[in-house]
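In what follows, a single structure is set out as C-alpha cells and then discussed.
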Amino acid sequence: MKSSTSCTSLVDNNMSTVIENEEDEENSIVTAYKPDKVRLLLTILLTPLTGGILLLFIYWRSDWRLKVTHSPCELKEATKVLIKDQYKQLFVEDVISTSYERRSSQTEEIYRNVSLRYFVHKEVRYIWENATFSRLVGLEKGKECAHFHKISHGMPRSEQTSQRVLYGTNCIVIQVRSYLDLFFNEALNPFYIFQVYSVTVWMVQLYFLYCGCIMVLSTISIALSVYETRRSSVELKKKVVSGSKVTVQRGAFTEVIDSDDLVPGDVIIIPDHHTKLECDAVLVNGNCVVNESMLTGESIPITKTSVPNVNTEMYTPLTHKRHTLFCGTEVIQARSMNQESVKAVVVRTGFATAKGELVRSILFPQPLDLKLHRDGLKFIGVALIIAFVGLGFVVFTYLYHEIYEDMAITLLNITTFCVPPALPAAITIGNVLAQKRLEKAKIFCMSSRFINFTGALNVVCFDKTGTLTNDGLDLHGLRRAENGRFLKESLGSENLPTGSCLTCMATCHSLHIIDGKPDGYPLDVKMFEATGWILKDPSTLMPYETKFEKTPMAIVQSDKGGEVAVIRQYTFASGLQRMSVITKSEDSSELEVYVKGSPEKITSISKPETVPEDWQDILEVYTRDGYRVIALATKKLDPSITWDDTQNLSRNKVECDLEFLGLLIMENKLKPETIPAMKILHSANIRTVMVTGDNILTALKVARDCDMIKPREMVIRITAKAFHKGNPLEYSLRTVPDEATLEIQYTREIDPDHPSEEMRIDIEEKMYHLAIDGKSFGLIRRYKPELIPNIVRRGTVFARMLPEQKTHLITDLQDMEYYVGMCGDGANDCGALKTAHAGISLSVAEASVASPFTSQETNIMCVQKLMREGRTALVTSFGLFKHLLCSAIIELVMILFLYYIFNGLNDPQFLYIDLGLLVIITLFYGNVGAYPVLVKRPPPSKLMATVPLLSIGSFLIIQCCFLTFCWLLMQAEPWYLKWEWDDQRFVWDLKGYENTMMFCMGCLCIINSAITFSQGAPYRKHMFTNFLFVLCLLAGFILTSIIWLWHGGKYNLFTGLFDHIDFPSYGFCLLLYASFFINVFVSLSCETFLIQDLLYQKLRPKMSRPKLKHQRLELELRHNETWPPLDTTLIEGERFSEKGNGALIQGTGAQSCDTHL
C-alpha cells in the first residue's frame, strides 16, 4: 500500500491523530470513535422526553450525533472518525474495513490476503498504516523518473484488480441529491423549524388563512433554494463527469478497458488525435500536444515530452508537469519518434488527479465568512430578547387582572414575532436580481451568495499579462551580443539580422500546426512570425518531402529555403525559467542547442566570456521602460553525440556552457480600459496589488503606467538571499533546509520618468510601496514569517510569483482581515481565483468553473461593475434585515398595546400586514440598480455594529413614540369608548377604536420602515427608479388609508374583514395623518442625515479606533521609526548605518515547506 510521503501523522494517546499534508496545507485532527450502547440507549430515552427536539439538534450537528451514540476509542478500533479541518469545520466519516488478494505476477497464485481499513474525507481516501491514518497516494511520490520506464510494459490483470480495491474507481463522482432529499434538508433548517412552531401556535389560535399563506410562502422559498442547489450540482456534473474506453498495455499484449477501471501503474496507449485524458499519467514514450484549458483556462497547445530515464531525479507532478498528462486535458496530437506507440504510466486517478483537485476545491471551498450572515442570526437573537421582554409584560398584565385563560398560547404567540417569515425569500430574490443585472453586464456568477462579498472588497489583486496588459506581444527589437559586447539594437522584425539569433527565434518555441497555422503561446507566435520562416509538421510530410534521415519533432524553413529540424525539446519550466531545443540543419552534421529564457537564468548558465559585463544595466534600461526581455543562447554539441543519443540526454548536460547570443525585446501594451478602471478603484479608496510572473522591473513600469504607483512615490524593493553553512541555497529546489541565514536587502527604486528627482516619502504618513519577487517572498515566508504582515500591508508589486505563491499572497491578505478580490485571465491564477473572496476570471474556458465570477469582457473594467453591484446587494441585504426586523418589532408593539386591554389582531389583519405589506413590498425591495459611481466609503459589512444598531434603535424609538402618541391622543378624545373585554367574544369580535387605530397606524409605520431603509445614493439608485417597489408602497398606503378613513356605517366593506369601526371625527383622523407624515420626515432625516451622513460618513472615521488587523498594523507602522529599514543593516538585532547593505536575519523554518523556490 502507498501512503503519502508528504504527510506526517502525530498520534495522541492512540485516540487521535493530526494529519499534516504539506502539499495542500490541509492539516486535520482525526479522533476515533466506536459504538456505545449506553449512550445510544440514553439518547433513545431522552428523545421523547424532549419532544423530539434532541433529534433536531443532533441532526443539525453531526459531531453531537456522533458523541451521543459513540464513545472515544483507540484509532485501531474506530468505526467512525471525527475530523476537524484547518478551518475548524467538523466532519464525521465512516471507517471501512475490507481486504483484497495479492497474487504473484508470475504464477497468479494468492500469496497474501491484505486487510484494508480506510475512511474517505472530502473525496480523499486515508488508509490505516503504521498505526495511524495517512493519505493514500499513487505513484507521484517517492519514485525516480527511471521507475516509470521500468514498468512501461504494463501490469498483470490480477494486480490491477487488487489495486482497484485499494484505490477505488477512477471516476469523479458528483453526488446530485434528489429533490425530495434536498427539500427535507432545507425544511429542517432552524429557520423553517421555527416557522413550523409559529404556524402551530397560530393554528391553535384559529389563524387558518394566515397560516396557509405562510406555509405556501415558505414552500416557495424552500423550492427556490432547492432548485438553485440542484441546478448548480447538475451543471457541475455535466462539466466534469466523463468516461471512455482506453487501451492498456498488458506485457506483450494490449487490452481495451473502461477508463473507470484504471489504477496507478497501468500503462495506457495514447491515440494519435483528439483524446481526452481520464487520469494523470507520465509520458514514457513519444510526444503529445495537449490543450489544458480545463485546468489553466488557457486554450494554448502545450508540448509534453517523455520523462527522462534517469535514477538521480525524483518525480513530482509539479516539477515534471511538462512530462505529465493531466486528467481532463485533451491530447490534440500524439507522435512517437520510433515505431512504438505513445505510452504513459498512470500515476493518479479519480479525485487525486489534477482535475479531481479542481473539482474538490469547488465541492469543498474555503469557508469565507461575511459577518452579515452571522450578525443576521445575532439580530434574530436580539429580536428574541425583545420578545421575551414582551412576554414579561403580557405575564404581568394577565396576572394583574387575574386572568389565566389562554395565557399560555398568548405567550407562545409573542415569541413568533422575532423571525420575519419573508426574510430568506426576500434576501434570495434580492441576490438573484443582482445576478441578473450582472449577466446583462456580461459578468456571470456561479452562485448568487458570492455577490455580497464583492460589496465588502477593499483589496483587489491583478495579474499583469492578459489582465492589465494585452495578451499579445509585439516585437520591439533585438540586441545581439558578440565577443562579450552588445551590438547596436535592431528595431522591428524587418531589421532582424540572419544568424544564430534568428535561428534561435525560429526553433526555440513550442508551436504546433493546428488547423493549418502555427498555434501556441502568444509570445512564441509573435517571435516566430517576426522571423518570416515557415513551420512544417513532419507527420504530414511524405518521406521524399523531408531532407532528414529520421522524423523530427518539427521542421522550420527559412525564407531562403534552408531547413532546420527540431529533434529534441526541453519544454519551458517555471522553476527553471527557460526552455531549449536540440536542432540539426540540413547542410550541417553537427547538432546545435538553442535556449531562451529569463536573462538572469540564461546568463548564469552561459560562458562568462560571452556575457557582456553591462548586461544587467542594459536589462534594467529595457525593463524599467516596461519591455519584456528574453535572453537567447546557443552551443554546439559534441560531434560524437548522434540523433538517437539526444533522446537520453539530461537537461542539465544540455543547458550549460552556453554562448550568450543577446536579448530579445518584446513590447506588452496596457489595455485601453486599464487606466480608467484603476482611476475608478483608486478614487474609491480600493487598494490595488499586482501579482505577476514577469520581471519585477517590468512589473514596476506597468504599475507606474497604470497609476497603481503614483509619480514620484517611493518604491522600496525587497530582495532576500538564503545561505546554509556559508553556501548560497539553490532556490530552484522545492525544499530547503529548516535553518538558514537570511539576507534581506531594502533598496530604493528610481522612477525612470523622473530619474533626477528624489522620490517623495512622507515621514508622518509613511507613504511608500514595497516591491518583491517570488523567490524573496518564498524565503521570507519560510525563514522570517513575522515580516510577511509588514510586506503584505504595504506590498504593491509581487513579481516572478509562481501559481502557488499567488495563492499564498491571497491567504496572507485574508489573514490580515482584508476582503480580497482577484482578477486574472485564468492561466496561472486558478488557485488564487478560487481562494479569494471574489475571484474574477477573464477567461471563459472550462477552468473558470473554479472562479465565482467570469467576465466575457476581457478587461478589468468588470471589477468596478461587479463591486458596484456587490455594494448594492450588500446594502439591500442590510436594508432588508433592518426593515423586516423593525417591522416585526412594530407588529409586536402593536400586539402588546392591544393585549394590554385584552384585544388583538384577527386573522385577516395579520394576513394583510405580513402578506399584503411585508411580503409583497420586500419582494420588490431589491429591484433597484447599482449607483453609477464607486464611492470612497464602503458600505458596512457588520450588522452588529454601532451605526446599524443606532439606525434600528432610533427608528424603533421614533415609531414607539408615534404609536404611543396616537394611543394617548385617541384616549383624550370626548367620543372615545374604551373596549371592554368579554371572554365570550375575544376570538371572534375585536371591534374597537383601539384595534382599528393601532392596526392602521401600525401598517403606516411598516410602510415608513420600507421607505426609511430604502437607502439610495451612494450605493443604490434612488428609490423612485424602482417602479414596482414604489407602486407597492403607494398601493399599501392607499389601501390602508381607505381602511382608516372609510365611513360606510353598516355598509363598510372592512367591518367584517378587519373588525373595523368608524371614527366619528375626521379631524382626529387627519391629525394622525399629519403626525404620520411628520414621523416619516423625522425618520428619514434621522436615518439619512444624522446616522448615514453625519455619523457613518463623517464622524465615525475620525472617532473609531482601528479594529481590523491591517488597520492596527498600519497604525504601528506609521509610528515605527525603524521600518522599513532603508539603507540600514540589522545583524542579530544591532542596527547601524551602512548605505547599500542589507539586513542579516537568522530565521528558523517550520517542519514543512510548500513554497516552490
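The values are calculated or read from the model by the stated rules, or taken from the named source; none is laboratory data. Just so you know, these numbers come straight off a predicted model, no measurement behind them. For neighbour counting, all protein chains shown are included, and Cβ atoms are generated from backbone atoms with ideal geometry for every residue, glycine included. Just the protein is used for accessible areas: all its heavy atoms, side chains included, with ligands, DNA and RNA removed. Shrake-Rupley method; radii C 1.70, N 1.55, O 1.52, S 1.80 Å.
Just the residues that are open to solvent by less than 30 Å² (accessible area, probe 1.4 Å), outside any loop (DSSP other than H, G, I, E, B) and out of contact with any Gly (no Cβ under 6 Å at 6 or more places or on another chain), please, taken from the stretch 418-450.
Cys418, Leu423, Ala425, Ala426, Asn431, Ala434, Gln435, Leu438, Ile443, Cys445, Ser448, Phe450
Among the residues of the stretch 574-588, is there at least one that is of a type in the set (A, V, I, L, M) and under 17 Å from Trp643 (Cα atoms)?
In the first step, residues of the stretch 574-588 are kept if they are of a type in the set (A, V, I, L, M); the result is 576, 579, 581-582.
Then keep just the ones that are under 17 Å from Trp643 (Cα atoms); that gives 581-582.
Yes.
Give me a count of the residues in the stretch 312-353 that are of a type in the set (A, V, I, L, M, F, W, C), closer than 24 Å to Ser851 by Cα and modelled with pLDDT of 85 or more.
Quick first cut of the stretch 312-353, residues of a type in the set (A, V, I, L, M, F, W, C) only: 314, 318, 325-327, 331-332, 334, 337, 342, 344-347, 351-352.
With the extra rule that they be closer than 24 Å to Ser851 by Cα, the set shrinks to 318, 325-327, 351-352.
In the following step, the residues that additionally are modelled with pLDDT of 85 or more were identified as 325-327, 351-352.
Qualifying residue count, the stretch 312-353: 5.
Considering only the stretch 223-251, how many residues are touching a residue at least 24 places away in the same chain (Cβ under 8 Å) and out of contact with any strand residue (DSSP E or B) (no Cβ under 9 Å at 6 or more places or on another chain)?
Residues meeting the conditions: 15.
Taking the stretch 141-159, which residues are surrounded by 21 or more Cβ atoms within 10 Å (Cβ to Cβ) and either in a helix (DSSP H, G or I) or in the same structural domain as Leu82 (by the TED database) (or both)?
Passing the criteria: Cys145, Phe148.
Can we say Asp272 is open to solvent by 60 Å² or more (accessible area, probe 1.4 Å), touching a strand residue (DSSP E or B) at 6+ places or on another chain (Cβ under 6 Å) and in contact (Cβ under 8 Å) with a residue 60 or more places away in the chain?
Details: open to solvent by 60 Å² or more (accessible area, probe 1.4 Å): yes; touching a strand residue (DSSP E or B) at 6+ places or on another chain (Cβ under 6 Å): yes; in contact (Cβ under 8 Å) with a residue 60 or more places away in the chain: yes.
So Asp272 fits the description; yes.
Tell me the residue from Thr397, Thr415 that is in contact with a Phe, Trp or Tyr (Cβ under 7 Å, 6 or more places away or on another chain), assigned to a helix (DSSP H, G or I) and not aromatic (Phe, Trp, Tyr), please. Spell out the reasoning first.
Details: Thr415 fails: in contact with a Phe, Trp or Tyr (Cβ under 7 Å, 6 or more places away or on another chain).
None of the other options fit; the residue is Thr397.
Among residues belonging to the stretch 483-536 that are acidic (Asp, Glu) and open to solvent by 60 Å² or more (accessible area, probe 1.4 Å), point out the one that is farthest from the chain's Cα centre (by Cα). Walk me through how you get there before you give the answer.
Our first condition is that a residue be acidic (Asp, Glu); within the stretch 483-536, this holds for 489, 494, 515, 519, 524, 529.
Retained after the next criterion (residues that are open to solvent by 60 Å² or more (accessible area, probe 1.4 Å)): 494, 515, 529.
Values: Glu494: 46, Asp515: 36, Glu529: 38 Å.
Here the residue is Glu494.
If I ask for residues that are of a type in the set (Asp, Glu) and touching a residue at least 24 places away in the same chain (Cβ under 8 Å), which ones from the stretch 252-269 would you list? Spell out the reasoning first.
First, pick out the residues of the stretch 252-269 that are of a type in the set (Asp, Glu): 255, 258, 260-261, 266.
Answer for the stretch 252-269, where residues must be of a type in the set (Asp, Glu) and touching a residue at least 24 places away in the same chain (Cβ under 8 Å): Glu255, Asp260, Asp261, Asp266.
State whether one or more residues within the stretch 774-784 are open to solvent by 10 Å² or more (accessible area, probe 1.4 Å) and either of a type outside the set (Lys, Arg) or in contact with a Pro (Cβ under 9 Å, 6 or more places away or on another chain) (or both).
First, pick out the residues of the stretch 774-784 that are open to solvent by 10 Å² or more (accessible area, probe 1.4 Å): 775, 781-782, 784.
Next cut, either of a type outside the set (Lys, Arg) or in contact with a Pro (Cβ under 9 Å, 6 or more places away or on another chain) (or both) only: none.
No, the conditions are met nowhere in the stretch 774-784.
Select the strands (runs of 3 or more DSSP E) contained entirely in the stretch 460-567, then report the ones holding at least 2 residues which are in contact with a Pro (Cβ under 8 Å, 6 or more places away or on another chain). Talk me through it step by step, then tell me what you get.
Details: elements: 474-482, 512-514, 517-519, 534-536, 554-557.
Ranges flagged: 474-482, 512-514, 554-557.
Can we say Arg480 is outside the structural domain of Tyr192 (by the TED database) and buried (at least 20 other Cβ atoms within 10 Å of the Cβ)? Quick ask: steps written out before the conclusion?
Numbers: outside the structural domain of Tyr192 (by the TED database): yes; buried (at least 20 other Cβ atoms within 10 Å of the Cβ): yes.
So Arg480 passes the test.
What number of residues within the stretch 640-664 are open to solvent by 10 Å² or more (accessible area, probe 1.4 Å) and more than 30 Å from Asp474 (Cβ to Cβ)?
Let us first name the residues in the stretch 640-664 that are open to solvent by 10 Å² or more (accessible area, probe 1.4 Å), namely 640-645, 647-653, 656-657, 659, 661.
Narrowing the set further to residues that are more than 30 Å from Asp474 (Cβ to Cβ) leaves 640-645, 647-653, 656-657.
Count: 15.
Within the stretch 578-587, does at least one residue satisfy the condition of being at pLDDT 80 or above, outside any helix (DSSP H, G or I), of a type in the set (A, V, I, L, M, F, W, C) and touching a Leu at 6+ places or on another chain (Cβ under 9 Å)?
Yes, the conditions are met somewhere in the stretch 578-587.
Do you know which residues across the stretch 855-880 are outside any helix (DSSP H, G or I) and surrounded by 24 or more Cβ atoms within 10 Å (Cβ to Cβ)? Don't jump to the end; show me each part of the working.
Kept after step one, since they are outside any helix (DSSP H, G or I), are these residues of the stretch 855-880: 855-860.
Answer for the stretch 855-880, where residues must be outside any helix (DSSP H, G or I) and surrounded by 24 or more Cβ atoms within 10 Å (Cβ to Cβ): Ser855, Ile860.
Quick check on my filter: what residues within the stretch 159-180 are over 28 Å from the mean Cα position of the chain (by Cα) and modelled with pLDDT of 85 or more?
Pass one, the stretch 159-180, residues over 28 Å from the mean Cα position of the chain (by Cα): 159-169, 180.
Answer for the stretch 159-180, where residues must be over 28 Å from the mean Cα position of the chain (by Cα) and modelled with pLDDT of 85 or more: Gln163, Arg164, Val165, Leu166, Tyr167, Gly168, Thr169, Leu180.
Considering only the stretch 665-691, state which residues are part of a strand (DSSP E or B) and open to solvent by 50 Å² or more (accessible area, probe 1.4 Å).
The first filter runs over the stretch 665-691 and keeps only residues part of a strand (DSSP E or B), leaving 665-667, 670, 687-691.
If the condition is that a residue be part of a strand (DSSP E or B) and open to solvent by 50 Å² or more (accessible area, probe 1.4 Å), then Glu667 is the only one that fits.
Sort through Gly597, Gly626 and tell me the only one that's assigned by the TED database to the domain that holds Lys517, more than 26 Å from Leu325 (Cα to Cα) and under 40 Å from the mean Cα position of the chain (by Cα).
Gly626
Looking only at the stretch 1001-1022, which residues are farther than 23 Å from Glu891 by Cβ and in contact with a Phe, Trp or Tyr (Cβ under 7 Å, 6 or more places away or on another chain)?
Looking only at the stretch 1001-1022, we keep the residues that are farther than 23 Å from Glu891 by Cβ, and these are 1016-1022.
Selection gives Ala1017, Pro1018, Tyr1019, Arg1020, Lys1021.
Kindly list the number of the only condition in (1) among the aromatic types (Phe, Trp, Tyr); (2) within 30 Å of Ala223 (Cβ to Cβ); (3) surrounded by fewer than 21 Cβ atoms within 10 Å (Cβ to Cβ) that fails for Phe453.
Only one criterion in (1) among the aromatic types (Phe, Trp, Tyr); (2) within 30 Å of Ala223 (Cβ to Cβ); (3) surrounded by fewer than 21 Cβ atoms within 10 Å (Cβ to Cβ) is unmet by Phe453, namely (3).
Within the stretch 307-355, count every residue that is under 30 Å from the mean Cα position of the chain (by Cα), part of a loop (DSSP other than H, G, I, E, B) and over 18 Å from Thr275 (Cα atoms).
Looking only at that region, the number is 6.
In the set Leu411, Leu391, Leu384, Leu358, which member is under 30 Å from Leu136 (Cα atoms) and at pLDDT 75 or above? Step through it out loud before you land on a result.
Working: Leu411 fails: under 30 Å from Leu136 (Cα atoms); Leu391 fails: under 30 Å from Leu136 (Cα atoms); Leu384 fails: under 30 Å from Leu136 (Cα atoms).
Just a single option satisfies the conditions, and that option is Leu358.
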